[in-house]
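These notes are about the structure you will find just below.
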Amino acid sequence: MWEYIIALLSGAIVKIVDHMEDEGEPNPIITYPLAIIYGATIGYLIGSASFGLLFLAALIAQVFAKKIDRFSHTLGLLTAAIVAFFLSGPQIETVPLIAFILLAFLDEMELKGKFKIFTDYRLFLKIGALAYIVVGRLDYLAGIVIFDLGYEGIKTVIEKSEKKAGRNNGSF
């Protein structure tokens, strides 16, 4: 249960850092410690959670997709790697790791048209995790869905607060 709470927290903090970076000049006094915290939580999940392999794959896919493009994300990645290393990392299962890396990489692509929903909501990795239910691995799906609940929850809060702030300034 603890790992799922950490997954939720990780998703929320990742979105906060993403938002700060996307808004222009982030304050390193806030952004860098948050990146270290999310890196530590993701590293903990990789090294300790039963679904850690999925988070390792997602992190590797982020590197291949060149999504680690800001110092804060590099800091988060390095922190995750260090924490996972000290926790001995996940038990590596080659086939699921490769499958999850490919699916997470697909999630980072920008599809157009009727397939846009797959990358907008990063459904490839979730579908892959869903497939593992057949072999009794509900934890993969639960881990990534809960992470995304944290990420999307913060995204919704940010959008609502920005919309409200826009209305208060007389603009839409």
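Just so you know, all these numbers are worked out from the coordinates, no wet-lab data involved. Computed from a prediction, not measured in an experiment: that's the story for all the values here. Methodologically, a virtual Cβ is constructed for each residue, glycine included, from the backbone with ideal geometry; neighbour enumeration extends over all protein chains shown.
Between Tyr32, Gly136, Ile60, the Cα set farthest toward the positive side of the dipole of the chain (charges on each charged residue's Cβ, about the Cα centre) is that of Gly136.
Suppose R0 equals 22 Å. What FRET efficiency, 1/(1 + (r/R0)^6) with r the Cβ-Cβ distance, do Lys114 and Leu138 give to the nearest 0.05? Spell out each step's value before the answer.
Values: r = 29 Å, r/R0 = 1.32.
For Lys114 and Leu138, the calculated efficiency is 0.15.
Would you mind putting 119-132, 52-65 in packing order, based on average other-beta-carbon counts within 10 Å, highest first?
Working: 119-132: 17.8, 52-65: 21.4.
Put in order of decreasing packing, that is 52-65, 119-132.
Cross-link partners for Lys114 among the lysines, with Cα-Cα distance under 29 Å and sequence neighbours closer than 8 places in the same chain left out: Lys15, Lys66, Lys67, Lys126, Lys155, Lys160, Lys163.
Evaluate the distance, in nm, between pseudo-label points positioned 7 Å from the Cα of Asp22 and of Ile158 along their respective Cα→Cβ axes. So the two model labels end up 0.5 nm from each other. From most to least packed by mean Cβ count within 10 Å, the peptides 89-100, 148-159, 74-85, 4-15 give 4-15, 74-85, 148-159, 89-100. Among Ile146, Ile117, Ile37, the largest mean-square fluctuation in a Gaussian network model of the chain (Cα springs under 10 Å) belongs to Ile117. Shape summary of the range 1-112, radius of gyration then Dmax from alpha carbon positions: 13.7, 41 Å.
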